[in-house]
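Read the structure below first, then the notes.
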Amino acid sequence: MALPDLDDLIAEVDRRCDTAHRPGGQEQPDWLALLTVAAQLAGQLQALADDLVEDYVEHCRMHGASWTDIGAALGVTRQAVQQRFHAPHKRYSPDTMTDDLRQAMVHVKQAAVQHRNNYIGTEHLLWGLTAQGNSATQLLQAAGVPPETVHRSVATRLSMGASQAAERIAWTPYSRKAIALAEARSERNGSARIDCDDLLIGLAQVGRGVAADVLTEAGFDPAAVEATM
């Protein structure tokens with residue numbers, strides 16, 4: 001993948017802020033408007049870069065790397081890397097979920113524990129969502145995707161690990177992104193709690209991870225589903 005160079009980014013700023021350019025090129029463009037857009041674009045790029053590094057930091061931690069090793073890989077001290085990446089993530093309590101989603105989460109944790117996984121990935125979430133009937137399975141059915149097919153497919157992607165952890169199991173970055181998207185969807189729909197269909201859409205919208213792959217292969221298109229609602 002070729003990274004954009006400065007000319008590419010300047011062209012993107014111009015595209016996003018075409019109203020800053022005077023008709024006919026007779027006057028100077030609105031440089032302050034262009035600066036505002038450039039700053040917004042730079043912020044988006046920085047946030048994406050931070051997410052990229054955080055993703056790999058979390059995978060290193062899940063696979064046993066120490067903070068000292070991670071700091072060395074990033075060229076900073078152990079204290080610096082801990083301060084940057086060890087901040088607690090937002091927690092989603094049962095009060096933020098519907099009864100159906102809380103029940104699905106029981107199946108999610110069972111899948112992780114039974115497979116001795118020390119993490120909750122998107123595959124565990126999708127397996128739990130399709131373990132019994134709820135708004136997620138209804139949404140799949142409405143989209144012409146059999147929930148049983150999805151459940152069987154994701155079950156084949158669950159791999160056996162070696163963890164003995166049963167209580168404190170960390171969510172992967174993609175899983176946390178999915179629940180954040182689910183929360184945003186529930187808020188847009190005027191709901192105070194996240195439901196199973198919200199999380200299903202979130203898993204599909206992440207676009208990466210086992211769950212997204214399974215849903216794509218099954219023919220589930222979140223954009224098409226949302227357009228019909």
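The values are calculated or read from the model by the stated rules, or taken from the named source; none is laboratory data. Note that this is a predicted model, so its numbers are computed, not measured. Here the Cβ is made from the backbone with ideal geometry for all residues, glycine too, and neighbour counts use every protein chain on show. Note: accessible area is taken over every heavy atom of the protein model, side chains too, but ligands, DNA and RNA are not part of it. Shrake-Rupley method; radii C 1.70, N 1.55, O 1.52, S 1.80 Å.
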Has the stretch 110-120 got any residue that is open to solvent by 10 Å² or more (accessible area, probe 1.4 Å), β-branched (Val, Ile, Thr) and farther than 20 Å from GLU58 by Cα? no
Test result for GLN103, within 28 Å of GLU187 (Cα to Cα) and open to solvent by 80 Å² or more (accessible area, probe 1.4 Å): no
Tell me the helices (runs of 4 or more DSSP H) entirely within the stretch 146-229 that contain at least 2 residues that are open to solvent by less than 40 Å² (accessible area, probe 1.4 Å) and touching a strand residue (DSSP E or B) at 6+ places or on another chain (Cβ under 8 Å). 173-188
Return yes when ASP69 is surrounded by 11 or more Cβ atoms within 10 Å (Cβ to Cβ), closer than 28 Å to ASN117 by Cα, modelled with pLDDT of 85 or more and charged (D, E, K, R) and no when it is not. yes
Only one of LEU41, LEU3, LEU32 that is at pLDDT 85 or above and open to solvent by less than 60 Å² (accessible area, probe 1.4 Å): LEU41
Which fully enclosed helices (runs of 4 or more DSSP H) of the stretch 1-76 have 1 or more residues being touching a strand residue (DSSP E or B) at 6+ places or on another chain (Cβ under 9 Å) and in contact (Cβ under 8 Å) with a residue 40 or more places away in the chain? 31-62
